[in-house]
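Peer 1: The structure is given below, and queries will be raised subsequently.
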Ligand code: BT5
């Protein structure tokens with residue numbers, strides 16, 4: 001794997017989207033992002049000492065709408081390997097520790113002469129309580145805050161990119177099935193009341209789990225249904241009452 005390191009970038013995702021000529025499985029890591037992106041035009045705060053990394057995938061095999069789920073698993077497994085803590089996954093792709101967000105994921109595709117996907121992952125490593133306050137992120141935490149330790153962002157980013165590439169290879173060969181159990185065990189939505197976007201409407205439902213195709217299985221008074229994109233707000237998490 002080819003990894004490019006930068007001290008400062010606008011966004012590791014944007015860099016790769018502007019350099020789609022780079023080879024398959026090029027990773028980009030930035031110590032600081034000045035224009036870190038969240039989903040749906042939201043922002044991602046990336047002060048120094050945190051992890052921001054993106055992986056470029058050309059000609060993805062299988063349904064790449066499941067890539068965010070694989071990024072979430074790679075992130076959760078990395079955190080567990082280094083801290084012993086087990087982050088939960090808020091479907092489809094937030095990682096949470098003690099009910100606070102520790103990691104965000106943004107996968108973007110580009111469809112031109114060929115299909116390319118940029119998988120971006122941000123993990124709060126060394127963020128302090130003061131920095132969280134300054135960034136106005138009351139629902140966030142960092143590995144430093146949870147463990148009191150300091151983390152080497154570049155080393156962890158490289159390991160994360162290797163881990164993600166490995167998961168994507170396995171997914172290309174075997175589909176999502178080998179990941180299903182591990183994903184569902186981490187799913188904080190399970191059994192909870194959630195608010196989801198379904199057929200253009202926001203509905204309240206109970207989350208039953210995850211289907212083999214990565215969709216969220218939900219149930220309301222009209223029966224069970226699958227949600228395949230969007231977000232699931234979990235009651236009691238991040239201030240959803
Ligand atoms: C995300 O969006 O969580 C996706 C974040 C992806 C960041 C990575 S870093 C590497 C790559 N390069 C990029 O430019 N992006 C990717 P979303 O689910 O829309 O959540 C965004 C919301 O999370 C914001 O509106 C804030 O409320 C919150 N947020 C922002 N920065 C945060 C942080 N550092 N920690 C926790 N929450 C944060």
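Peer 1: What is the ratio of the Cα radius of gyration of the stretch 9-84 to 2.2 N^0.38 Å, with N the residue count, to two decimals?
Peer 2: Against the empirical 2.2 N^0.38 Å value, I get 1.17 for the stretch 9-84.
Peer 1: Tell me, in nm to one decimal, what length is gained between residue 155 and residue 177 on full extension, where the rule is 0.36 nm per residue of separation less the Cα-Cα distance?
Peer 2: 5.0 nm
Peer 1: Under 8 Å for C-alpha pairs, at least 6 residues apart: give me the relative contact order for the stretch 97-241, rounded to a whole percent.
Peer 2: 15 percent
Peer 1: While we're looking at this one, here's another question. Distances longer than 14 Å among the Cα atoms of the stretch 49-120: what percent of all pairs is that?
Peer 2: I get 60 percent for the Cα pairs in the stretch 49-120 exceeding 14 Å.
Peer 1: Continuing with the same structure: So, R0 is 25 Å and r is the distance between the beta-carbons of residue 240 and residue 109; what FRET efficiency does that work out to, to 0.05?
Peer 2: Taking R0 as 25 Å, the efficiency between residue 240 and residue 109 is 0.30.
Peer 1: Would you calculate a helix-derived [θ] at 222 nm for the chain, using -39,500 (n - 2.57) for each DSSP H run of n ≥ 4 and dividing by the full residue count, to the nearest 500?
Peer 2: Estimated from H runs of four or more residues: -8500 deg cm²/dmol.
Peer 1: Which shape class, rounded, prolate or oblate, goes with the stretch 97-160 when its Cα gyration tensor gives a ≥ b ≥ c as root eigenvalues, a/c under 1.5 marks rounded, and past that a/b bigger than b/c marks prolate?
Peer 2: Working: a/c = 3.12, a/b = 1.92, b/c = 1.62.
Since a/c reaches 1.5 and a/b is larger than b/c, the shape of the stretch 97-160 is classed as prolate.
Peer 1: Okay, next question. Anyone know which of 12, 202, 113 comes out most mobile in the 10 Å Cα GNM of the chain?
Peer 2: Greatest mean-square fluctuation among the candidates belongs to 113.
Peer 1: Between residue 21 and residue 85, with labels modelled 7 Å along Cα→Cβ, what's the label distance in nm to one decimal, could you check?
Peer 2: Result: 4.3 nm between the two label points.
Peer 1: Give the Rg/Rh ratio for the stretch 110-220, taking Rg as the radius of gyration of the Cα atoms and Rh as the Kirkwood radius, to two decimals.
Peer 2: Ratio of gyration radius to Kirkwood radius: 1.03.
Peer 1: So what is the diffusion coefficient of the chain in µm² per second by Stokes-Einstein at 20 °C and 1.002 mPa s, using a Kirkwood Rh over Cα pairs?
Peer 2: On the way: Rh = 18.1 Å.
So the translational diffusion coefficient is about 118 µm²/s.
Peer 1: Further question: How long are the semi-axes of the equivalent ellipsoid of the stretch 202-241, defined as square roots of 5 times the Cα gyration tensor eigenvalues? Whole Å, largest first.
Peer 2: 18, 13, 8
Peer 1: Report the extension gain between residue 130 and residue 7 in nm, rounded to one decimal, defined as 0.36 nm multiplied by the number of residues separating them, less their alpha carbon distance.
Peer 2: My answer for the length gained is 42.0 nm.
Peer 1: For a paramagnetic label modelled at 7 Å from the Cα of residue 229 toward its Cβ, which residues of the stretch 49-80 fall within the zone defined by backbone nitrogen distances under 15 Å?
Peer 2: Under 15 Å, as judged by backbone N against the label point of residue 229, lie 63-69 of the stretch 49-80.
Peer 1: For the stretch 136-158, list residues with backbone N below 20 Å from a point placed 7 Å from the Cα of residue 43 toward its Cβ?
Peer 2: From the stretch 136-158, the list is 136-142.
Peer 1: What does the highest-first list of 97-106, 74-83, 224-233 look like by mean Cβ count within 10 Å?
Peer 2: 97-106, 74-83, 224-233
None of the figures in this text is laboratory data; all of them are computed from the coordinates on show. Keep in mind that this is a model prediction, so the values were computed, not measured. Because the Cβ atoms are built from the backbone with ideal geometry, glycine has one as well, and the counts that use them run over all protein chains shown.
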